[in-house]
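For reference, the structure is listed below as structure tokens.
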Amino acid sequence: MAVTIQAPKGTHDVLPAEAVKWQYIEKVLRGCAADFGFREIRFPTIEHTELFQRGVGDTTDVVQKEMYTFEDKGGRSITLRPEGTASVARSFIEHGLAGGTLPFKCFYIAPNFRYEKPQAGRLREHHQFGVEVFGSKSPVQDAEVIGLADTFLSRLGIHNIRVHINSIGCPVCRREYHAALKEYLSERKDELCGTCLSRLEKNPMRILDCKSDICKAIAAGAPHCVDYLCDECRVHFNAVQSYLTAMGIDFEIDPNIVRGLDYYTKTVFEFVSENIGAQGTVCGGGRYDGLVRELGGPDMPGLGFGSGIERLMMVMDSLGIPFPEEEPVKLFIACADAAADETVQVLVHTLRKAGIACERDTAARSLKAQMKYADKTGARYVAVIGGNELSEGHIELKNMSTGDKISCGLNADDIAAALN
RNA sequence: GUGGAUGUAGCUCAGCUGGUUAGAGUAUCAGGUUGUGGCCCUGAGGGUCGUCGGUUCGAACCCGAUCAUCCACCCCA
């Protein structure tokens with residue numbers, strides 16, 4: 001038992017009973033994306049390591065300590081995708097989509113890999129529904145993307161979610177803000193916790209997100225990025241808020257949202273649930289106007305979000321949101337006599353070719369056991385075929401929920417007709 | 001990477017202060033009239049008590065190490 005092989009730490013199997021739920025969620029997500037004019041994009045699971053170093057940012061935790069990186073047999077440094085945005089941006093540039101119809105709007109459902117220490121809502125392989133837009137710098141697009149997130153959550157029945165938004169400005173206004181923030185924090189250097197002390201030089205904005213009580217208190221009095229926005233960023237952020245208000249989306253401005261990926265500019269947002277433990281962010285994203293250029297493409301504004309499907313599932317389960325029932329087989333044909341075996345096999349095969357879902361016993365079990373199996377799998381009808389049916393040339397289709405029986409000829413056409 | 005909790009049948013768990021062949025419920029399979037499910041009854045299979053080592057006459061129970069899982073920090077979806 002101890003020598004059996006388990007799934008690697010932080011990964012999970014999705015068994016058939018659970019897979020049905022995944023299919024449902026994916027269907028809702030796809031439908032929602034389509035309604036907003038987003039088309040699916042697929043991209044490789046592996047990328048050149050450099051893509052994430054340049055795209056996500058060399059100093060981020062994700063790149064510094066969480067990537068599954070290895071050298072392939074050709075000596076190239078390859079990385080298992082830790083997030084989707086960089087891949088989409090790469091693909092957008094590589095295929096010259098900037099020369100096509102803009103804005104380019106796409107979505108994906110794909111696994112991401114990060115070498116994390118697992119806990120509730122945090123895995124080493126997790127699946128993300130992501131959405132990206134290139135080619136619009138208008139605040140309407142921000143509102144549309146946030147509106148898309150709001151819509152799919154609502155369609156999934158997830159309503160008690162808090163929407164936090166913030167603006168972290170553009171490189172111009174952020175420089176000013178950083179200076180002000182550093183000045184404020186430097187005066188309180190002695191009180192900061194160890195990790196925050198090291199963040200002071202590298203990325204002072206992260207201190208605003210520290211969980212330590214002392215740092216929280218210090219952060220509470222810190223200058224806010226929103227107060228340092230340049231005119232352009234301020235107008236943009238105000239417009240986003242107006243749109244959201246007009247759309248009836250409840251949000252709160254949270255000056256402490258600091259996303260951990262370097263590419264974000266201007267609008268950033270998080271959808272947070274309080275039902276699933278410490279890792280409550282169910283959807284997070286923002287604008288990244290500099291990313292495409294950073295990756296060697298044209299000047300091209302962009303924005304998007306990622307949403308963890310495992311976390312969505314956790315929220316839905318914690319709220320007791322029901323999932324649609326699995327569609328069972330239409331007919332189970334039981335075999336009561338070895339002499340009928342081949343007839344049963346020909347029948348199920350013919351019916352399946354005609355598009356009728358049906359099953360038979362393949363474990364040589366008793367009639368009673370076959371009935372139990374049909375019952376447990378939820379088969380709508382059961383037909384028993386034995387010596388009597390073979391000689392009389394007709395069978396009975398038993399409705400398993402009512403017990404009623406329909407009589408029909410012992411052939412696929414009659415059965416198909418009777419089942420309609 | 002740091003900290004805390006937990007590891008007994010497929011699943012949920014019991015196992016009194018260490019004492020002989022480790023239990024229950026559930027699930028699985030088979031029977032309960034010879035060809036008909038859901039309820040009920042009977043029976044069967046299934047565990048080297050995470051692993052290794054130590055203490056002891058004797059350990060699932062005590063000690064140590066290790067591995068795994070879970071939760072929190074960090075970070076993020």
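Taken as Cα centroids, the range A:25-53 and the range A:377-407 sit 47 Å apart, rounded to the nearest whole angstrom. Converting phi to 3J(HN,Hα) with the Karplus coefficients 6.51, -1.76 and 1.60 and the offset θ = phi - 60°, the range A:94-109 yields 4, 9, x, 5, 5, x, x, 5, 10, x, 8, 10, 9, 9, 8, 10 Hz in sequence order, with x at every glycine or proline. Distances between placed amide hydrogens fall under 5 Å for A:Gln128 paired with A:Ala110, A:Asn112, A:Ile309, all partners being 5 or more residues away or on another chain. Partners of A:Lys137 within straight-line reach, counting lysines whose Cα lies under 28 Å from its Cα and excluding those fewer than 8 residues away in the same chain: A:Lys105, A:Lys266.
In plain terms, the bigger the Kirkwood radius, the slower the diffusion; for the range A:1-113, with that radius from Cα pairs, at 10 °C and 1.306 mPa s, Stokes-Einstein puts D at 95 µm²/s.
In the calculated pair distance distribution of the range A:331-418, what percentage of Cα-Cα distances lie above 22 Å? Of all Cα-Cα distances in the range A:331-418, 15 percent exceed 22 Å.
Put in line by how crowded their Cβ is, counting other Cβ atoms within 10 Å and starting with the fewest, A:Asp142, A:Asp13 read A:Asp13, A:Asp142. Computed over chain A, relative contact order equals 15 percent, with contacts defined as Cα pairs under 8 Å that lie 6+ residues apart.
Axis of helix A:16-35 versus longest Cα principal axis of chain A: the two differ by about 60°, to the nearest ten degrees. Between A:Ala418, A:Thr377, A:Leu351, the Cα set farthest toward the positive side of the dipole of the range A:331-418 (charges on each charged residue's Cβ, about the Cα centre) is that of A:Thr377. Charge dipole (Cα centre; +1 on Lys/Arg Cβ, -1 on Asp/Glu Cβ; no other charges) of the range A:238-342 amounts to roughly 700 debye. For the cross-link pairs A:Lys21/A:Lys398; A:Lys21/A:Lys368; A:Lys27/A:Lys65; A:Lys182/A:Lys216; A:Lys27/A:Lys368; A:Lys117/A:Lys189, the ones whose C-alpha atoms lie over 26 Å apart are A:Lys21/A:Lys398; A:Lys21/A:Lys368; A:Lys27/A:Lys65; A:Lys27/A:Lys368; A:Lys117/A:Lys189.
Its convex hull of Cα atoms gives the range A:212-290 a direction-averaged projected area, equal to a quarter of the hull surface, of 6.6 nm². Legend: translational diffusion of the range A:56-173 by Stokes-Einstein, Rh = Kirkwood radius over C-alpha pairs, 10 °C, 1.306 mPa s; D = 93 µm²/s. How many percent of all Cα-Cα pairs in the range A:19-66 sit more than 15 Å apart? When all Cα pairs of the range A:19-66 are counted, 65 percent exceed 15 Å.
Here the Karplus curve 6.51 cos²θ - 1.76 cosθ + 1.60, taken at θ = phi - 60°, turns the phi angles of the range A:152-161 into couplings of 5, 4, 5, 5, 7, x, 8, 10, 8, 10 Hz, with x standing for Gly and Pro. Please report, to two decimal places, log10 I(q)/I(0) for chain A at q = 0.06, 0.10 Å⁻¹ as given by the Debye formula with identical point scatterers on the Cα atoms and no solvent. Summing over Cα pairs of chain A leads to -0.37, -0.79. Taking other Cβ atoms within 10 Å as a rough exposure proxy, A:Met247, A:Met300, A:Met316 sort from fewest to most as A:Met247, A:Met316, A:Met300.
Ranking A:Pro324, A:His224, A:Ile207 by Cα position along the charge dipole of chain A, where only Lys, Arg, Asp and Glu carry charges on their C-beta atoms, puts A:Ile207 farthest toward the positive end. Exposure proxy ranking for A:Cys225, A:Cys408, A:Cys106, based on other Cβ atoms within 10 angstrom of each Cβ and starting from the fewest, stands as A:Cys408, A:Cys106, A:Cys225. For A:Arg188, no residue 5 or more places off, or on another chain, has a built amide H under 5 Å of its own. Cross-link partners for A:Lys405 among the aspartates and glutamates, with Cα-Cα distance under 15 Å and sequence neighbours closer than 8 places in the same chain left out: A:Glu389, A:Glu396, A:Asp414. Less than 5 angstrom separates the built amide H of A:Leu397 from those of A:Ile406, A:Ser407, A:Cys408, all sequence-distant by 5 or more or on a different chain. Taking the Cα centre of the range A:287-338 as reference, the dipole from Cβ charges on Lys and Arg (+1) and Asp and Glu (-1) amounts to some 240 debye. Here the Karplus relation 6.51 cos²θ - 1.76 cosθ + 1.60, evaluated at θ = phi - 60°, turns the backbone of the range A:168-176 into coupling constants of 9, x, 9, x, 5, 6, 5, 4, 5 Hz, with x for every Gly and Pro.
If you take the alpha carbon radius of gyration of the range A:284-391 and divide it by 2.2 N^0.38 Å, what ratio comes out, to two decimals?
Rounded to two decimals, the normalised Rg is 2.01.
Laboratory data are not the source of any read-out in this text; all were calculated from the coordinates shown. Because the structure is a prediction, the values reported are computed rather than measured. In this analysis, Cβ positions are derived from the backbone assuming ideal geometry, glycine residues included, and neighbour counts consider all displayed protein chains.
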